[in-house]
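One structure is given below, encoded as structure tokens.
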Amino acid sequence: MAEEQGQVRRWATASAGKAPGNAALPAAGAWALVILTALNFVNYIDRSVLFAVQPLVQREFPGSDAKFGLLTTAFFFCYMVTAPIVGWLADRYPRKFIMCVGALIWSVATLMTAVTHNFTELMVRHTLVGVGEATFVAIAPSFLSDLYPEYRRGRVLSAFYLAIPVGTALGYLLGGAMAARWGWRAPFLVGAVPGALLGLLLLMVPEPRRGAEDRLAVTLERGTFLGLWRNPTFWTATLGMAMMTFAVGGMQVWMPTFLSRIRGVPLATANLRFGLMTLAAGILATMLGGWLGDRMEARRRGGHCLISAIGMSLALPAVLLAVFHSGSWMYPAIFLGEFFLLLNTAPLNAAILNSVSAPIRSTAFAVNIFTIHLLGDAFSPSLMGYISDRSNMQMAFVASSVAIALSAGVLYLGMRYAPQLPQGD
């Protein structure tokens with residue numbers, strides 16, 4: 001405890017005499033946001049292409065739904081194990097070099113899919129992609145937080161995380177269209193090059209001073225690793241995000257298969273429709289969520305958590321209607337379910353960033369990544385595949401619905417622990 005207190009005092013003393021902001025880096029925020037967002041697009045394109053072509057892969061490498069669900073589980077296991085190591089390194093060494101290495105790793109692993117000829121090789125490739133992507137995703141938000149103050153982070157993160165729905169949708173669209181014409185390996189070849197180029201371009205971004213834009217004081221709870229475990233703001237936002245991740249992960253992996261197998265929609269058509277809905281819902285929801293979160297935070301403490309809790313509450317009936325209704329309301333319900341789930345992306349990540357201070361921000365984000373995937377999408381595809389094998393795909397989506405309800409409850413609770421953010425212009 002005494003050592004922790006000393007660390008906090010040293011950091012507070014070192015920061016006290018410095019004016020907020022990165023005065024020497026006038027264009028650093030915009031440049032970093034463009035490069036990191038573009039890398040995030042490629043990240044999610046590479047990740048979701050496999051979901052789009054999964055039935056074709058299953059045809060070539062025969063196996064049960066549960067077995068193919070393990071691909072995603074293996075990906076996220078390596079992703080989770082890598083994130084804490086990377087977070088520790090990022091709080092001590094220049095972050096842009098670590099992110100560049102990560103982008104090169106996942107790009108090479110994506111390229112390796114062109115020479116994959118059995119399920120074991122596909123599993124190895126998928127785990128390497130997880131290592132590379134974790135090296136980028138665990139660091140990028142904390143890097144951006146050193147370029148923008150607390151009251152603007154929701155809007156900034158809404159731009160960065162726009163890559164989740166748009167990149168995911170492009171993965172479905174690219175995978176579905178190219179696989180139908182040239183086979184399921186073709187989209188992986190296209191997805192490998194941009195990540196490597198953008199990773200190298202990242203080396204041109206100036207490294208920002210840590211904590212340069214923070215207005216909230218550094219405390220034991222916010223500024224030390226041991227204090228993190230006693231930080232209720234961090235943990236309520238993280239657990240709420242974990243349940244959201246469970247639901248989103250299951251929907252992304254199994255919705256095209258659900259539409260093809262249960263509703264009789266041709267696979268290419270299912271990928272096209274689900275991809276377009278993900279694209280439209282994601283753009284609207286992610287941008288609106290960041291703006292609403294910042295606006296609500298300016299009006300009341302815990303505004304980021306409140307917007308997210310409302311989003312999860314509205315997502316629940318939409319997802320249930322999408323899965324159990326086969327009539328004209330099915331597609332609108334899928335759209336609304338995705339919209340209200342993705343509404344929470346920017347506000348929840350802003351709540352995570354603002355719950356801790358610069359000395360441990362990358363580490364905290366890595367712990368967040370480990371937790372949300374351990375409790376979320378690392379096992380939801382496998383669990384849903386297991387339920388589907390023993391019942392049907394509709395019952396598999398009940399597990400996602402339970403997770404949505406739990407997320408809403410935890411986030412309503414998290415409002416009481418959120419800090420009061422200082423406001424700016």
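Scan the range 379-396 for residues that are surrounded by fewer than 24 Cβ atoms within 10 Å (Cβ to Cβ) and touching a residue at least 24 places away in the same chain (Cβ under 8 Å) and jot them down. Break it down into steps so the answer makes sense when it comes.
So in the range 379-396, the residues surrounded by fewer than 24 Cβ atoms within 10 Å (Cβ to Cβ) come out as 379, 382-383, 386-395.
Those that are surrounded by fewer than 24 Cβ atoms within 10 Å (Cβ to Cβ) and touching a residue at least 24 places away in the same chain (Cβ under 8 Å): F379, S382, L383, Y386, S388, D389, N392, M393, Q394.
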Margin query: List the residue pairs whose Cβ atoms are under 8 Å apart, where the first residue sits in the range 178-194 and is under 17 Å from R59 (Cα atoms), the second is hydroxyl-bearing (S, T, Y), and the two are 6 or more positions apart or on different chains.
Written below: R185/T113; R185/T116
Notebook entry, point to check: Does the range 270-287 contain at least one residue that is open to solvent by 20 Å² or more (accessible area, probe 1.4 Å), closer than 28 Å to M384 by Cβ and of a type in the set (D, E, K, R)?
Noted result: yes
Notebook entry, point to check: Among the helices (runs of 4 or more DSSP H) confined wholly to the range 341-425, which include 2 or more residues that are over 20 Å from G302 (Cα atoms)?
Noted result: 361-374, 380-390, 393-414
Next item on the list: Identify all residues within the range 79-97 that are surrounded by fewer than 19 Cβ atoms within 10 Å (Cβ to Cβ) and under 19 Å from the mean Cα position of the chain (by Cα); write none if there are none.
Entry: V81, P84, I85
Check: Of the conditions (1) within 19 Å of M204 (Cα to Cα); (2) modelled with pLDDT under 65; (3) open to solvent by 70 Å² or more (accessible area, probe 1.4 Å), K18 fails just one. Which one is it?
Finding: (1)
Checklist line | Selection within the range 316-335 - in contact (Cβ under 8 Å) with a residue 40 or more places away in the chain and open to solvent by 30 Å² or more (accessible area, probe 1.4 Å) | finding: L316, L320, F324, S326, Y331, F335
Checklist line | Where a residue in the range 112-134 is under 24 Å from T37 (Cβ atoms) and touching a residue at least 12 places away in the same chain (Cβ under 8 Å) and its partner, wherever it lies, is open to solvent by 40 Å² or more (accessible area, probe 1.4 Å) and not aliphatic (A, V, I, L, M), with Cβ under 9 Å and at least six apart | finding: G130/F77
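Here's a check for you: in the range 115-129, which residue that is hydroxyl-bearing (S, T, Y) and part of a helix (DSSP H, G or I) is nearest to A192 (Cα to Cα)?
Result: T127.
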Check: Scanning the range 162-191 for residues that are open to solvent by 10 Å² or more (accessible area, probe 1.4 Å) and aromatic (F, W, Y), which turns out nearest to the chain's Cα centre (by Cα)?
Finding: W184
Item checked: Tabulated pairs, the range 406-425, first closer than 16 Å to T233 by Cβ, second at pLDDT 80 or above and assigned to a loop (DSSP other than H, G, I, E, B), C-beta under 6 angstrom, 6+ apart or interchain -> M415/G302; A418/R301; A418/G302; Q420/R301
Check: Hey, does the range 25-37 have a residue that's at pLDDT 50 or above, under 30 Å from R185 (Cα atoms), assigned to a loop (DSSP other than H, G, I, E, B) and more than 21 Å from the chain's Cα centre (by Cα)?
Finding: no
Check: What number goes with the only condition from (1) in contact with a Pro (Cβ under 8 Å, 6 or more places away or on another chain); (2) open to solvent by 30 Å² or more (accessible area, probe 1.4 Å) that A52 does not pass?
Finding: (2)
Notebook entry, point to check: Inside the range 305-321, can you point out the residues that are among the hydrophobic types (A, V, I, L, M, F, W, C) and at pLDDT 90 or above?
Noted result: L306, I307, A309, I310, M312, L314, A315, L316, A318, V319, L320, L321
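The values are calculated or read from the model by the stated rules, or taken from the named source; none is laboratory data. Just so it is clear, the model here is predicted, and its values are computed rather than measured. Cβ: placed from backbone, ideal geometry, glycine included. Neighbour counts: every protein chain shown. The area values use the complete protein model at the heavy-atom level, side chains included, leaving out ligands, DNA and RNA. Shrake-Rupley method; radii C 1.70, N 1.55, O 1.52, S 1.80 Å.
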